[in-house]
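Below is one structure, written out as structure tokens, with a few remarks after it.
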Amino acid sequence: MSLQPITSVLPLLDPFDAFILDQWGVLHDGVRAYPEAVDAVERLLAEGKVIVTLSNSGRRADFAAAQMRRMGLPVDRFRANVTSGEAAVAGLRQGEIGGRSLPGGRCYLVCRDADASVIADTDIDRVDDPGAADFIMLSGIEGETRDIASYLEELAPAIARGLPVICTNPDLVAVSPTGNIASPGALAQAYAERTDVEPFFVGKPHAPVYELCRRALPDVASSRIIAIGDSLEHDIKGAHDAGFATCFCLDGIHGTHFDLTASASDNAGGVRAVAEHHGVALPDYITDRLRWS
């Protein structure tokens, strides 16, 4: 059963016990939580549902939790807050990312707000010269103030050497209060186009973050887990590949493709077209946004 239009989370209460919720575009816009989403989360918890948040943020889980707490989300009642940054730390400690061995121990870190926590408490050495690194770590970019070209100029010595790249946030764009902004995935893509080097990706839709989600839900059968997100390429594809049911929110990064004044049913054809364009599986459910009723 695919593309079942729903107007709220109420039809999901009986089939599912655990909800994996995307952060940016579903719960908040990076600055403010969506009031309807906060209400839905509170009511899901009151119904005894288990909530795990999942973000392609290159930052650690504690940062994500603190950010959501400031926005008024009941983070302390969630089962877990999984980020691609947390999955990257686990991989760095194990010496491999997604089953691929690390290319060395020296990295040049590209991050947001000088946050280097993604390599903290690991054996990775941070270097100041991208040409002297064994690999590049893309944890975050300042998409509001810097364009991709400026980052490529910064990474020119690494490009010249064709260094490997580990990207902890595969998103191409992120939701912001002023519209979509570039994310690390866009920089990784541009780097790959100039070097023919395939990046190591950690976040959605790749397996490492879903493995962390599964570890957080040992008491819930996969058939009773649903993931809700606003990216067909990342949230829906990743959860589908992990064996979870999926619900796609129209009012997110793909919002410009849909008539948000119309019903989810009226937008079903548009969802099919976007999914076909990106070559991804259709979601099981579609809704305009996360709300209780």
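The values are calculated or read from the model by the stated rules, or taken from the named source; none is laboratory data. Quantities reported herein were computed from a predicted structural model and do not represent experimental measurements. A quick note on method: Cβ atoms are made from the backbone with ideal geometry, for glycine too, and the neighbour counts reach across all protein chains shown.
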Next item on the list: Please list, ordered by first then second residue, the pairs with beta carbon atoms under 6 Å, 6 or more apart or interchain, first in the range 80-105 and under 16 Å from Asp123 (Cα atoms), second exposed (fewer than 14 other Cβ atoms within 10 Å of the Cβ).
Entry: Leu102/Gly95; Gly105/Asp125
Checklist line | Only one of Arg69, Arg59 that is under 30 Å from Met137 (Cβ atoms) and either in a loop (DSSP other than H, G, I, E, B) or assigned by TED's automatic domain parsing to the domain that holds Val110 (or both) | finding: Arg59
Checklist line | Residue satisfying all of: in the range 113-146; of a type in the set (S, T, N, Q) and within 15 Å of Gly58 (Cβ to Cβ); surrounded by the most Cβ atoms within 10 Å (Cβ to Cβ) among these | finding: Ser139
Margin query: For the range 167-187: of the residues being modelled with pLDDT under 95 and among the hydrophobic types (A, V, I, L, M, F, W, C), which is nearest to Asp125 (Cα to Cα)?
Written below: Cys167
Margin query: I need the full set of residues from the range 25-34 which are more than 17 Å from the chain's Cα centre (by Cα) and farther than 15 Å from Cys249 by Cβ, in order please.
Written below: Arg32
Next item on the list: Evaluate the following for Val209: is it touching a residue at least 40 places away in the same chain (Cβ under 8 Å), touching a Leu at 6+ places or on another chain (Cβ under 9 Å) and outside the structural domain of Leu138 (by TED's automatic domain parsing)?
Entry: yes
Checklist line | For Thr145: the one exception among (1) touching a residue at least 12 places away in the same chain (Cβ under 8 Å); (2) outside any helix (DSSP H, G or I); (3) over 19 Å from Ala64 (Cβ atoms) | finding: (1)
Next item on the list: Test Glu193 against the criterion of being modelled with pLDDT of 90 or more, assigned by TED's automatic domain parsing to the domain that holds Arg112 and of a type outside the set (Phe, Trp, Tyr), and give yes or no.
Entry: yes
